[in-house]
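The values are calculated or read from the model by the stated rules, or taken from the named source; none is laboratory data. Quick caveat, the model's predicted, so the values are computed rather than measured. Cβ: placed from backbone, ideal geometry, glycine included. Neighbour counts: every protein chain shown.
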Amino acid sequence: MWKELKQIWSTDNLLNEAWNLTYEALNIDAEMFNEAVKALWGESKNATHKLIFKKDKLVNKYERDIRRKVVTHLSIQGGESAPAGLVLSTIVVDVERIGDYVKNIVDLTEIHPGELKDSKKNNQLSDIEKALKKMFIKVKECIEDGDEDIALEMYSETKEIGKICDENINTLIKTKSSDISNSSAVVYALYFRYLKRINAHLRNIISSVINPYDRIGYKPKSKK
């Protein structure tokens, strides 16, 4: 199904433009995420804050442009190509939401400018950050190639990342530690939460390769 959609996107000017904008917006998200992670750990916080908010506005503009192109296409063409436009409109919502959570990460640098010192939590966060950086790259490759088997593997990977984030959030909420201040514990919990949500939106995008339009964002049905 995905390859059929891409064929429609490549042959219709408006949908092709919308597809290219979607892909570029996802690239911008990946850049923003990398920059936000650096800022959280103390690199160029002020400059990064301004740059990320500027890029987020660009992603928001792309979302509006994509919606406009899709609506225009549906008004003129409609018919069998309608699902192709609807899928793009759905994907770009997740792309836009990723940008919002990246901004939330940058906000943490202002709320808690001090250093996060729990080595165990820092190592766990580092592992998740690396996994998500790779996932951004793999998601772009996934929607480019449309390989459902690879998409299913990636979907499982994102489920595992989400599980790890939940475990850490629950631990931070339920367990008191003399090694972590209350303010640091809140920042850790929020950061795990934001990473979980970014991961979830990447998973939604992956699901669009596997699922029909009505099931995008939901667990893929098992193949018989």
Looking at segment 109-131, which of its residues are of a type in the set (G, A, S) and either part of a loop (DSSP other than H, G, I, E, B) or under 16 Å from L202 (Cα atoms) (or both)? G114, A131
Considering only helices (runs of 4 or more DSSP H) wholly within segment 1-108, the ones with at least 2 residues that are under 30 Å from F192 (Cα atoms) and in contact with a Leu (Cβ under 8 Å, 6 or more places away or on another chain) are 13-40
Answer yes or no: is there a residue in segment 201-218 that is of a type in the set (S, T, Y), surrounded by fewer than 15 Cβ atoms within 10 Å (Cβ to Cβ) and without any contact (Cβ under 8 Å) to a residue 24 or more places away in the chain. yes
Within segment 143-151, is even one residue more than 28 Å from N16 (Cβ to Cβ) and either touching a helix residue (DSSP H, G or I) at 6+ places or on another chain (Cβ under 6 Å) or surrounded by 19 or more Cβ atoms within 10 Å (Cβ to Cβ) (or both)? no
Of the residues in segment 156-180, those that are modelled with pLDDT of 90 or more, over 17 Å from V95 (Cβ atoms) and either under 18 Å from the mean Cα position of the chain (by Cα) or not in a helix (DSSP H, G or I) (or both) number 10
What's the number of the only condition in (1) under 23 Å from E144 (Cα atoms); (2) surrounded by 16 or more Cβ atoms within 10 Å (Cβ to Cβ); (3) not hydrophobic (A, V, I, L, M, F, W, C) that S184 fails to meet? (1)
Out of the residues in segment 18-55 that are more than 21 Å from the chain's Cα centre (by Cα) and of a type outside the set (S, T, N, Q), which is modelled with the highest pLDDT? G42
Looking for something surrounded by 13 or more Cβ atoms within 10 Å (Cβ to Cβ) and touching a residue at least 60 places away in the same chain (Cβ under 8 Å) - is there at least one such residue anywhere in segment 158-179? no
Please determine whether any residue of segment 195-206 is within 24 Å of the chain's Cα centre (by Cα) and either more than 27 Å from E31 (Cα to Cα) or in a loop (DSSP other than H, G, I, E, B) (or both). no
Among all residue pairs at least 6 apart or on different chains, which show Cβ distances below 8 Å where the first residue, located in segment 136-148, is aliphatic (A, V, I, L, M) and the second is surrounded by fewer than 18 Cβ atoms within 10 Å (Cβ to Cβ)? I143/Y23
